[in-house]
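Here's the structure we're looking at; comments come further down.
The values are calculated or read from the model by the stated rules, or taken from the named source; none is laboratory data. Source: prediction; values computed, not measured. A quick note on method: Cβ atoms are made from the backbone with ideal geometry, for glycine too, and the neighbour counts reach across all protein chains shown. Please note that ligands, DNA and RNA were not included when accessible areas were found on the heavy atoms of the full protein model with its side chains. Shrake-Rupley method; radii C 1.70, N 1.55, O 1.52, S 1.80 Å.
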Amino acid sequence: MNPLLSVIVPTKNRYKYLKHLIDLIDSFNSNDIELVIQDNSDNNQEILLFLDNKSYPNVRYFYTTDKLSMSRNSDAAILNSTGEYVCFIGDDDGVCRNIIDCAKWMKKSDIDAVKPSKVGYYWGDYNKEKLKDNLSQTLVFKKIKYSFQFVEPLKELETTLKIGFQDKRNLPFLYNGIVKRSVLNEIYSIGKTYFPGGSPDISNGVSLCFYIKKYAVINIPVVIPGTSYMTGGGIHKREGKISNLEDVGFIDQSVIDNWEKKIPKIWAGKFAWPESALKGLKYVGYFEYLEKMNYDYMFANFSIYHYPYRKLAWEYTPNKIKYISYVFWILSYNICRVTKNKIVALFCNKTNGLIRVGNMQTIIDAEKYLMNKCDNNLFFK
């Protein structure tokens, strides 16, 4: 009998985090969940020894030495999974044990996709000295409210395109979310992939918007996104957070060759997200949405975030006047937001509206803390 939920984890050369995730899900002691590990590491002897040391009935392990992009490795993970619902996470992420109750609630309520409450865990190797923060071994999360709202994915998509796809807003995502397999299968049937862009989470999320019928955003922690030294291949640790496409090992050459002409060939979140979003729109055939993409806003935000590259943004932006107005608007908004957050931080242990708790040695500790904070009767009866 297939499990209700599959948690899929594409991984490569990052066993130090993966081992904690295996132990975490094993501690749930549930037949309703499986952990599907799709391993593309150079050498897998370390994880084989770990798995042989103890019986892990929830783990399904697959390994190949073929060179795979992140998207292809993620495709393989879903194809090797069997659950009615799927959750896609990274090897430095985690899930809470209530994720099983969440999947049961989705099935009972005929919900196609869920976005959980905002949570984050920062591993001990997070480079706080360079980044001038104090988040290492820290859990951050929103106040738990035990509420939810139904959201229309296409409205969220239109709003996101209007701001140059610089924010994920409340878009549905398989990555760090939960999606019904039957919906994923509709996307796969188009072109034999779940992830039609260089950034798998974005291209998949955009594609999902056209097939999800019932989508809920919940104010309960279910997934714990992790941030480590190697998050995003370590790209966020590089100076300026920018890399040439040729230096990004987890994307196909086809992604580079078919990169959107209106966006510079640079791997940075401010460009990679909208580029993959456009690929998702083209994949599902909704070309009319391409016209809703606000390139001027995208380049304005990029030039603020990557100031040394402002000349590049100025060169590419279609409307210089709109670009300048967006720069001033974004700067003003950011100044107000930062000021507000600093005032809040003076009076409580919060940042950006998130509660911050330190001394969390691993993601297992973070999960235990969250579950101790949650009511046992979590999901909506």
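Filtered by the rule that a residue be closer than 25 Å to residue 108 by Cα and of a type in the set (Asp, Glu), the stretch 181-222 gives a lone residue, 186.
Determine whether residue 41 is surrounded by fewer than 22 Cβ atoms within 10 Å (Cβ to Cβ), of a type outside the set (Asp, Glu), outside any helix (DSSP H, G or I) and in contact (Cβ under 8 Å) with a residue 40 or more places away in the chain. So residue 41 does not fit the description; no.
Being of a type in the set (S, T, N, Q) and out of contact with any Ser or Thr (no Cβ under 9 Å at 6 or more places or on another chain), is that true of even one residue in the stretch 269-288? Within the stretch 269-288 (the criterion being of a type in the set (S, T, N, Q) and out of contact with any Ser or Thr (no Cβ under 9 Å at 6 or more places or on another chain)), the answer is no, since none of the residues qualifies. For the stretch 1-33, residues that are open to solvent by 10 Å² or more (accessible area, probe 1.4 Å) and either outside any helix (DSSP H, G or I) or in contact (Cβ under 8 Å) with a residue 24 or more places away in the chain (or both) total 19. Filtered by the rule that a residue be aromatic (Phe, Trp, Tyr) and in a loop (DSSP other than H, G, I, E, B), the stretch 159-175 gives 165, 173. Condition check for residue 280 on (1) open to solvent by 20 Å² or more (accessible area, probe 1.4 Å); (2) out of contact with any strand residue (DSSP E or B) (no Cβ under 6 Å at 6 or more places or on another chain); (3) at pLDDT 95 or above: one failure, at (1).
Selection of the stretch 1-49 for residues being more than 19 Å from residue 77 (Cβ to Cβ) and of a type in the set (Phe, Trp, Tyr) yields only 28. The number of residues in the stretch 317-363 being at pLDDT 85 or above, of a type in the set (D, E, K, R) and part of a helix (DSSP H, G or I) comes to 2.
Residues that are of a type in the set (Val, Ile, Thr) and farther than 11 Å from residue 9 by Cβ were ranked within the stretch 46-77; the one that is surrounded by the fewest Cβ atoms within 10 Å (Cβ to Cβ) is 65. Condition check for residue 29 on (1) of a type in the set (S, T, N, Q); (2) out of contact with any Asp or Glu (no Cβ under 6 Å at 6 or more places or on another chain); (3) on the phi < 0 side of the Ramachandran plot: one failure, at (3).
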